[in-house]
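Presented below is the structure to which this report refers.
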Amino acid sequence: MHFIALENETDFDGWRKAARTLALNNVAPANVTWSVPSDEPELFAPNGTPPLETPEGTFSVSAKFVDLARSAILHSDPERFALLYRVLWRLRGNHDLLQIATDPDVAKLQALNKAVHRDQHKMKAFVRFREIGREPKSRFVAWFEPEHHIVAATAPFFARRFADMAWSILTPDVCAHWDGHAVSITPGVPKSDAPTQDRLEETWLTYYASIFNPARLKTKAMQSEMPKKYWKNLPEAALIRPLIAEAERLSGEMIAAEATEPKKLQRREAPMTKTAHTNSDSLDALRDEASHCRACDLWKDATQTVFGEGPPHASVMMVGEQPGDKEDLAGQPFVGPAGQMLDRALKEAGIDRDRVYVTNAVKHFKFVPRGKFRLHQKPNGAELKACRPWYEREKAAVKPELVVAMGATAAHSVLGRATPINKTRGRVIELDDATRVLVTVHPSYLLRLPDEDARAREYAHFVEDLRIVAEHLGKAARAA
Ligand code: URA
C-alpha cells in the first residue's frame with residue numbers, strides 16, 4: 001500500500017505530481033491511500049512510506065480531464081483524490097473514457113464538478129460585505145459558509161470585481177483577503193469574528209426593498225436560487241418574508257379584480273401543444289448551454305449568464321442591451337430599475353409582461369468596479385458579435401412574430417448592423433427572414449434624462465411605441 005499525504009484539501013499540484021509518479025510506477029488505484037493533514041491518522045500507515053522512484057517517461061491526458069480534476073478536487077468528498085487517480089489510471093487505457101457519461105466514475109466526477117461550480121456560483125451571488133472603519137482606512141468584510149473548498153479558487157473573482165477596495169471573506173474553512181495587489185489565504189475563523197452590521201446596511205436595505213418587484217415574484221424560483229441556508233448571512237433576508245407576504249396580498253387583490261372585470265388582452269395562453277413543448281425543451285437546453293458560455297471574456301467577472309425568460313412560444317420578443325447589476329445577481333433579465341420602468345410602461349400600454357419573452361443582446365453583465373458598486377459599461381462590437389448566436393438561437397426557438405429592440409445595442413444585434421435609433425424608431429420593419437422588428441429606446445435612457453419635462457415626454461413616446469406591440473398582441477390573441 002502507498003500512503004500519499006497531500007499538503008492541504010486543495011493541493012492539486014501535490015496530487016498531480018503523486019498521481020503521475022504512481023501511474024508511471026504502475027501502482028494500481030486500489031493500492032493507494034490518500035490523506036490531508038486534517039484526516040484521522042491512518043491506522044496502518046507506516047512512519048514514512050519509502051518514496052517511489054520517479055521513472056523516466058511520460059504520458060499525457062486531455063486538457064478536459066485536467067480542468068475537471070482541478071475543479072473536482074475542491075469538493076469536500078474525502079474520496080475525491082482516489083476517484084481522480086482511478087479515472088486517470090483508466091484514461092491511460094481508454095482515451096475516450098470521459099465521453100461515457102454512464103460510467104460510474106465519470107458520472108461521479110461530473111457530479112463533483114457540478115456541485116463545486118454551484119457552490120462557487122452561490123459564493124459569487126451571496127457574499128455580502130460589511131464595512132469596518134471609515135474611509136480611507138475602511139475594510140469590507142464578509143462571512144460565508146461554503147459547502148466545498150472553493151474559497152481560494154473563487155477569491156480571484158472578487159479581486160477582479162472589487163479591485164479597488166480592501167476586503168476579507170471569512171469562512172470556517174479558510175479566509176481570503178485582498179489588499180489591492182494580491183490575494184492571501186489564512187486559516188478559517190469562527191462566525192463570531194465577522195461583523196454583523198455596518199453604516200451602509202440601512203441604505204442597502206432601503207434600496208433592496210425599492211427594487212423588489214412584486215410583479216416579477218416567483219417564490220419557488222427565488223427559493224431554489226437563494227436556498228434558505230444562505231438567508232441567515234444576507235442582510236436583506238429579513239425583508240424577504242414581509243415583501244413576499246405583501247406581494248401575495250397585492251396579487252390576491254389583482255386576481256379578485258380580474259375576476260370581476262376581465263380585459264380583452266388578458267386572455268389565457270393556449271394550452272401547451274406538442275410543438276410548444278419541443279420549443280420549451282430546446283429553450284431549456286439553450287439556457288443550460290449558455291450558462292457555460294465563454295465566447296468572450298465577460299463571463300469572468302459576471303456572476304452568471306442571464307438568459308431570456310417568458311413564454312417559450314411568445315409572439316413578441318423584447319430585447320435589451322445587457323443585464324445590469326440586479327439582473328446579474330438575480331439571473332433574470334429586467335428586474336432592476338430599468339425593468340421597473342419597462343414594467344410600468346408595458347402596463348400603461350396595456351401589455352401583460354408575462355405574455356412577452358424578454359431577453360438581452362448580451363447575456364453577461366459588463367461593468368467596472370467602483371468601491372461597493374459596479375458601474376455599467378457598454379458592450380463593444382466583439383462582445384456583441386460573440387453573443388449574437390444566443391439571440392439568434394433564442395429567436396429560432398421562440399419564433400416570435402415581432403421583435404422589439406430597445407436601444408442602439410439591441411437594434412444593432414437584431415438588425416445585424418449599427419443603426420441610429422431615430423431613423424427606424426416606431427415603425428415596423430420586415431427582415432429577410434420575415435421577422436418583424438420594432439425599434440424603440442431603452443428604458444434606462446428614460447431613467448438617465450435629468451430634465452423632468454423631457455423624461456415625461458420621452459416616457460409618453462416610449463409608451464406610444466409599446467402600443468404598437470399591444471396592437472400586435474391583440475391581433476395574435478384574436479387569431480389564436
Ligand atoms: N438593461 C438591459 O438592457 N437589460 C436588463 O436586463 C437590465 C437592464
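General remarks:
- Electrostatic bookkeeping for residue 24 treats Lys and Arg as +1 and Asp and Glu as -1; over the other residues with beta carbon under 12 Å from its beta carbon, the sum is +1.
- Accessible area, probe 1.4 Å, largest first, for residues 344, 16: 344, 16
- Sorted largest first by accessible area at a 1.4 angstrom probe radius, with every protein chain in place, the residues 452, 309, 392, 471 fall in the order 452, 471, 392, 309.
- In the context of the full protein assembly, residue 368 retains an accessible surface of approximately 40 Å², using a probe radius of 1.4 Å and ignoring ligands and nucleic acids.
- Of the cross-linked pairs 363/385; 17/300; 326/366; 64/122; 300/326; 114/395, those separated by over 19 Å at the C-alpha level are 17/300; 64/122; 114/395.
- Accessible area ranking (1.4 Å probe, heavy atoms, ligands and nucleic acids excluded), largest first, for 4, 185: 185, 4.
- Taking all pairs of distinct alpha-carbon atoms in the range 279-479, Kirkwood radius in angstrom: 17.0 Å
- Considering only beta bridges that DSSP places wholly inside the range 397-479, some 35 percent are antiparallel.
- Within the assembled protein chains, the solvent-accessible surface assigned to residue 341 is about 20 Å², based on a 1.4 Å probe.
- Protection-proxy order for peptides 310-318, 458-466, each taking the mean of Cβ atoms within 10 Å per residue, highest first: 310-318, 458-466
- Packing order of peptides 422-429, 348-355, highest average first: 348-355, 422-429 (average count of other Cβ atoms within 10 Å over each peptide's residues).
The values are calculated or read from the model by the stated rules, or taken from the named source; none is laboratory data. Just so it is clear, the structure is predicted and the values come from calculations on it, not from any experiment. Ideal geometry is used to build each Cβ from the backbone, glycine not excepted, and the neighbour counts take in all protein chains shown. The area values use the complete protein model at the heavy-atom level, side chains included, leaving out ligands, DNA and RNA. Shrake-Rupley method; radii C 1.70, N 1.55, O 1.52, S 1.80 Å.
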